[in-house]
Structures are given as structure tokens and as C-alpha cells.
């Protein structure tokens, strides 16, 4: 028997135009503040999703995932928003395998997305 270890890589999509719009609309300092607060909130909610999932608190997990959609869209994290929405949707379907896979994907996408935005900020959007 051959066992293959899969190492999924999460493709992250950041809408740079959305970030640029924030800087134009709010000015550099205000935009950085909004982005920093959004990222902090996303990190907290991402941890909440994972903790609730592990505890079997699926309703709480779904609420946390749903709450991340608008925040991630605000700062141009398209993939993060989509996968957060998928987790919330799957929480009501009773497909434990699909939910587990999607939560794992959200953890990868979430981490990658937050890193991508920090990297973009370092390059001065």
C-alpha cells in the first residue's frame, strides 16, 4: 500500500484596487488604521471559528464565519470572503466531511490572506 501525503496550497486573492480605493477615500493614515483593525478582527474571528469547530459549536462557528465576509471584502480579501461564506453555508447542510475540509481551507486561506495584506502594506500600496 502506498500512502501519499497531500500538502494543499491555498491560493489567495487580494483585490489591490479595493485597497487602493481605501487609501484614496480615507487617506493614507486612516486607511492603514481601517486595514489594521480589520485584520486584527479577522484574526480574532478566524481563531473563534477554529475553536468553535473543535468544540462542536457549529452555530457559533457559522456566525463567526459569516461575520468575516463583509470585513474581508472591505479590505479586498476576495478568497477569504468566499471561503468564509462557504463555511457558514456548509454549517447547515449536515455534511461533516465537507465542513471539515472547508474549515481547514479557511484556516489556510485566512492565514495566507492576512500575510498577503501585511506584505502589500509593507510595499506601500
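Things worth noting here:
- Rotationally averaged projected area of the stretch 70-109 (alpha carbon convex hull; nm²): 2.5
- The separation of the stretch 93-108 from the stretch 29-86, counted between C-alpha centres, amounts to 15 Å.
- Taking every DSSP helix (H) stretch of at least 4 residues in the chain, weighting each as -39,500 (n - 2.57) and dividing the sum by the residue count yields a mean residue ellipticity at 222 nm of -26500 deg cm²/dmol.
- Listed values [x] 14.6, 51; [y] 15.6, 59; [z] 14.8, 48, entry calculated as Rg and Dmax of the Cα atoms in Å: [y]
All of the numbers you see were taken from the coordinates with simple rules; none came from a lab. Every value quoted in this text rests on a predicted model; they were computed, and no experiment measured them.
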